[in-house]
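Encoded as structure tokens, the structure appears first; notes follow it.
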Amino acid sequence: MTASLVLTILGDDRPGLVDSLAGVISAHGANWAESRMSRLAGKFAGILRITVDDRRVNDLTRELEALNAAGLRVVVEPAGEPATMPAYTALHLELVGQDHPGIVHDISHALASLDINVAEFSSGVESASMAGGDLFRAEARLMVPGTVSQEQLRSLLENLADELMVDIALDPEPGS
């Protein structure tokens with residue numbers, strides 16, 4: 001049988017981090033199935049899913065956790081069963097506006113009030129030299145349940161955009 005594991009990794013960014021991780025995974029005959037990794041504030045962080053023969057899980061886990069001594073914190077968890085998702089529509093959300101504390105909370109709270117799942121989220125702050133201050137940019141992949149109409153979601157987001165003084169765009173997820 002094959003086990004599916006989810007790994008989270010964090011360490012000071014430097015050349016060779018991914019290579020050391022991939023080397024351990026490969027040495028145990030495991031398959032690197034999917035990942036998201038990024039450099040952020042001098043740190044390298046990631047999440048990945050690997051598959052490996054059940055009989056090799058314990059040895060692989062020990063060797064991955066041993067990377068901690070080399071400055072790469074690795075947490076290994078068995079993958080959960082895929083959640084049964086009700087019918088949903090995947091939508092792409094983009095937001096741009098003057099940066100201030102609380103934007104992510106306000107948006108995530110509004111989405112949660114409609115039982116919308118945030119499947120992916122990325123954000124950043126950049127200088128708005130022409131306008132002064134900083135601009136906050138975010139993109140999210142939303143899983144909108146069939147019980148929520150796009151009009152209902154658009155109305156919620158438009159009200160939120162006015163309140164936060166940000167621009168929000170909501171479009172079908174590319175490729176869906």
For H28, residues with placed amide H under 5 Å, excluding near neighbours: none
Please state the charge dipole magnitude for the range 2-78, taken about the Cα centre, from unit charges on C-beta atoms (+1 on K and R, -1 on D and E), reported in debye and rounded to the nearest 20. 180 debye
Which order do the peptides 39-48, 137-146 come out in when sorted by mean C-beta neighbours inside 10 angstrom, highest first? 137-146, 39-48
Around S4, under 14 Å between beta carbons, what's the net of Lys plus Arg minus Asp minus Glu among the other residues? -3
Run the dipole for the range 80-162 about the Cα centre, Lys and Arg Cβ at +1, Asp and Glu Cβ at -1, nothing else charged, and hand back the magnitude in debye, nearest 20. 120 debye
What's the center-to-center distance, using Cα atoms, between the range 1-35 and the range 100-116 in Å? 32 Å
List the residues, sorted by chain then number, that are 5 or more residues from I116 or on another chain and whose placed amide H is less than 5 Å from its amide H. none
Net charge near H109, counting Lys/Arg +1 and Asp/Glu -1 over other residues with Cβ under 14 Å of its Cβ? -3
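Could you give the dipole magnitude of the chain about its Cα centre, charging the beta-carbon of Lys and Arg +1 and that of Asp and Glu -1, in debye to the nearest 20?
Dipole size: approximately 680 debye.
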Candidates for log10 I(q)/I(0) by the Debye sum over Cα atoms at q = 0.13, 0.18, 0.19 Å⁻¹ are (1) -0.84, -1.11, -1.15; (2) -0.71, -1.03, -1.09; (3) -0.58, -1.17, -1.31, and the calculated one carries label (1)
Karplus-derived HN-Hα couplings along the range 38-55 (A = 6.51, B = -1.76, C = 1.60, θ = phi - 60°), whole Hz, x at Gly and Pro: 7, 8, 8, 6, x, 10, 10, 10, x, 9, 8, 10, 10, 10, 8, 4, 3, 5
Work through the residues other than A70 whose Cβ is under 12 Å from its Cβ and net out their charges, Lys, Arg +1 and Asp, Glu -1. -2
Once amide H atoms are placed 1.01 Å from N in the peptide plane, what residues at a sequence separation of 5 or more from D99, or on another chain, have their amide H within under 5 Å of its amide H? D134, L135, F136
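Bear in mind these aren't lab numbers, they're just calculated from the coordinates by the rules spelled out. Only a predicted model underlies this, so the values are computations on that prediction, with no experimental measurement involved. Because the Cβ atoms are built from the backbone with ideal geometry, glycine has one as well, and the counts that use them run over all protein chains shown.
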